[in-house]
Amino acid sequence: MAVMPLTALASPVDGGSQDRHRFQDRPSRAFSPPGMAPLVRRGARPCRTAMVSPHSRAMPPDAPDSAQHNDPEGWATVRRFLPYLWPANNPNLRRRIVGAMLFVLLAKATMLALPFAYKGAVDSMTTPTNEAAMAALALVIAYAAGRLTAVVFDNLRNMTFERVGQDATRQLAEDTFSRLHQLSLRFHLSRRTGEVTKTIDRGTKSIDIMLYFLLFNIAPTALELTAVGIIFYLNFGWQLVAATALAVTLYIYVTRKITEWRNELRRQMNELDGTALARSVDSLLNYETVKYFGAEARERERYAESARAFAEAAVRSENSLGLLNISQAVIMNLLMGGAMGFTVWQWSKGVLTTGDLVLVNTYLLQLFRPLDMLGMVYRTVRQGLIDMAEMFRLIDTEPEVRDAPGAPGLVVRQPTVVFDQVVFGYEDGRTILHGLSFEVPAGSHVAIVGPSGAGKSTIGRLLFRFYDPWSGCILIDGQDISQVTQASLRQAVGIVPQDSVLFNDTIGYNIAYGRDDAGAERVMQAARAAAILPLIERLPEGFDTEVGERGLKLSGGEKQRVAIARTLVKDPPILLLDEATSALDSRTEQEILATLRRVSKDRTTLAIAHRLSTIADADRILVLDQGRLAESGTHRELLAARGLYAEMWARQQAEKGARPEPVD
């Protein structure tokens with residue numbers, strides 16, 4: 001005969017008084033039939049039961065198609081970046097921008113005046129007299145001084161603007177990095193780390209170069225083109241102005257068309273580059289797995305496949321560059337030849353002087369020097385916009401889990417944990433938890449067991465609010481965790497996971513990571529309580545010993561002790577043990593269990609376990625089956641019930657070659 005579930009034992013009227021004795025008064029076996037009343041503690045805020053649609057969760061942005069590139073990589077991206085370039089709260093940087101632009105104007109004015117000095121020197125040399133020689137010499141000196149002055153102005157401009165570019169790059173990188181940490185666990189599980197880091201790397205590197213070309217190449221070139229047009233009109237008539245305008249327009253048109261084609265090739269090349277990088281990072285991170293299965297040749301072929309595809313795309317991209325350079329050279333030299341021919345013809349008629357030939361030649365050389373780079377500039381700016389747009393798409397990705405508006409911090413006085421009618425799944429049509437309800441009283445040690453796929457690890461992820469339930473709620477000390485800040489929630493819960501991943505830093509850094517203000521004494525006490533201090537004292541570098549990437553220089557037991565010490569530094573009122581010893585050998589497991597029992601004393605402890613022998617002494621054991629609470633009770637009560645727990649216990653004891661524990 002089925003026994004009523006734990007939540008059905010408390011009526012809405014007297015639930016508060018029964019909460020204190022719920023574990024003592026409840027029968028040992030509990031099933032969860034549909035329709036049972038929600039569990040709500042007296043004095044707690046009502047549980048939110050509104051269904052959270054799985055369709056509303058934030059997913060990582062897909063690779064953008066060509067239609068998406070029209071706007072994000074154009075002026076919209078530039079407008080989005082302007083606040084970083086012209087920060088409203090930093091007048092010093094804005095003054096630097098104004099100063100840099102002033103130096104640009106001074107340098108350009110100097111360069112526009114130089115050809116007249118050159119022309120005057122050449123015209124003076126047509127008259128072989130001492131006075132003319134002195135004038136020509138003075139003009140030559142002025143020409144050289146002007147070139148030097150222009151170089152000085154250019155470098156002063158760079159020195160003034162450098163801090164602006166670096167600050168904009170830093171701020172955007174910080175915003176992107178911060179956003180990535182705000183995104184949900186689902187985002188990080190569905191995106192390759194190599195692709196994300198490559199997106200940030202490309203985006204930040206493109207900013208400085210793109211700013212340089214936009215402000216100090218394109219804008220000054222447009223200014224110079226206008227000034228040269230006016231000078232040509234005043235000195236040589238409309239014919240030369242029209243020819244120059246036509247050539248420049250054709251030059252820009254051809255450059256833009258070919259570069260647009262090249263951008264698509266570059267985009268394909270970037271995608272293939274990201275794939276190759278992601279595969280190489282994934283393979284190297286799983287170095288041991290590759291070795292276990294002797295899959296070196298297989299991994300090399302997977303990487304080679306990506307590398308070959310990238311090489312083919314790179315060849316097509318570089319060949320298109322040759323076509324662009326040839327097209328630009330044809331237009332530029334046709335104008336140069338035509339303009340100088342026109343000047344010689346006018347000289348032959350006595351309209352122009354010899355110096356005018358030098359004047360036209362010098363202006364066209366100065367004009368086409370930046371125009372000669374227009375293809376590279378256009379490609380760089382377009383590629384920079386593409387890379388920045390990808391980074392902005394990361395920033396624009398909405399977090400799946402957000403703090404409620406005006407959410408207060410979690411205040412824990414009695415660290416109880418309640419799951420009330422929680423329904424959750426990772427994907428549509430695949431529900432993991434089906435109306436799960438249970439309570440962990442303050443200061444108690446409750447274990448959760450069950451077959452693989454029962455939803456045990458999901459409980460830990462929901463408790464840390466990496467995901468929100470589809471319906472139902474989770475309460476800590478009567479407070480719905482979806483209505484408090486995530487930072488305060490995670491400060492109140494500590495975890496010792498199955499696989500403790502450490503930072504590639506020192507033992508001391510990893511232990512102190514549990515709290516921002518952790519001092520040396522606190523770290524020492526935590527290491528002593530976690531029983532890792534003797535090991536640290538034997539090491540030559542002590543707490544400064546490097547643990548290697550992911551902590552691979554330490555054994556499994558040593559890593560777990562560091563993780564325990566890190567949690568002790570955090571000193572949370574609620575402790576989650578997520579199969580903390582399942583990856584350890586029997587001897588190390590017993591040592592770690594002894595440490596965990598000691599550190600979990602006087603804390604509310606929720607232990608998720610696969611090996612039942614590790615949680616047999618728990619105050620209460622909850623048995624999950626297919627996302628539902630199948631049984632609950634003490635170890636002996638569950639064995640006496642001869643249900644799922646007793647079956648699992650007998651199987652594990654048989655696997656160890658031991659006789660199952662007799663049932664009273």
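What to note about this one:
- Full-stretch length increase - MET376, GLN182 - with 0.36 nm per residue and alpha-carbon distance subtracted: 66.2 nm
- ASN325/GLN590 FRET efficiency (R0 56 Å; Cβ-Cβ; nearest 0.05): 0.20
- Packing-based ranking of 208-219, 448-459, 230-241 yields 448-459, 208-219, 230-241, ordered from highest to lowest mean Cβ neighbour count within 10 Å.
- For the stretch 323-337, 3J(HN,Hα) computed residue by residue from phi via the Karplus equation (6.51, -1.76, 1.60; θ = phi - 60°) reads 4, 5, 5, 5, 4, 5, 5, 4, 5, 5, 6, 5, 5, 4, x Hz, glycine and proline entered as x.
- Hits among lysines - C-alpha to C-alpha of LYS559 under 20 Å, sequence gap 8 or more where chains match: LYS570
- With each label modelled as a point 7 angstrom along the Cα→C-beta vector, the LEU223-ASP499 pair spans 5.7 nm.
- Ratio Rg/Rh [Cα only; Rh per Kirkwood] for the stretch 333-471: 1.59
- Square roots of five times the Cα gyration tensor eigenvalues for the stretch 395-525, Å: 27, 18, 18
- Interchain or long-range residues, amide H under 5 Å from LEU502's placed H: ARG550, GLY551
- Other residues lying with their Cβ under 12 Å from the Cβ of ASN235 contribute a combined charge of 0, Lys and Arg counting +1, Asp and Glu -1.
- For the stretch 248-362, fraction of C-alpha pairs farther apart than 24 Å, in %: 57
- Couplings for the stretch 595-612, taken from phi via the Karplus curve 6.51 cos²θ - 1.76 cosθ + 1.60 with θ = phi - 60°, read 5, 5, 4, 5, 7, 8, 5, 6, 10, 7, 10, 10, 10, 9, 9, 9, 7, 5 Hz in order; Gly and Pro are left as x.
- For ASP625, distant residues with modelled amide H under 5 Å away: ALA630
- Rounded FRET efficiency, nearest 0.05, which uses the C-beta distance separating MET340 from ALA297 and R0 of 51 Å: 0.20
- Local electrostatic count, LEU93, Cβ distance below 10 Å [Lys/Arg +1, Asp/Glu -1]: +3
- Evaluated with a Cβ-only charge set (Lys, Arg +1; Asp, Glu -1), the stretch 384-459 carries a dipole of roughly 420 debye about its Cα centre, given to the nearest 20.
- GLU174 paired with ALA407, simple spin-label distance in nm, labels 7 Å along Cα-to-beta-carbon: 2.4
- Ranked by how many other beta carbons lie within 10 Å on average, peptides 379-389, 156-166 from highest: 379-389, 156-166
- If a spin label sat at a point 7 angstrom from the Cα of LEU552 along the line to its beta carbon, the backbone N atoms of the stretch 504-520 nearer than 13 Å would be those of 504.
- Karplus-derived 3J(HN,Hα), 6.51/-1.76/1.60, for each residue of the stretch 257-272, Hz, glycine and proline x: 5, 5, 5, 4, 5, 5, 4, 5, 5, 5, 5, 4, 5, 5, 4, 5
- For the stretch 474-600, the spread of Cα positions along the three principal axes, ordered from largest to smallest, is 48, 34, 26 Å.
- Using a Förster distance of 25 Å, the FRET efficiency for THR634-ARG461 (Cβ separation, nearest 0.05): 0.40
- Other-chain or far-sequence residues with amide H under 5 Å of GLY494's (modelled H): ILE574, LEU575, LEU576
- Full-stretch length increase - ASP396, LEU250 - with 0.36 nm per residue and alpha-carbon distance subtracted: 48.7 nm
- With the simple model of a label 7 Å out from the Cα in the direction of the Cβ, GLU647 to LEU234 spans 9.7 nm.
- Orientation-averaged projected area, Cα convex hull of the stretch 199-303 (nm²): 9.2
No value in this document is a laboratory result; all are computed from the given coordinates. As the structure is a computational prediction, the values presented were derived from the model and not from experiment. As a convention, Cβ positions derive from the backbone with ideal geometry for all residues, glycine included, and neighbour counts pool all protein chains shown.
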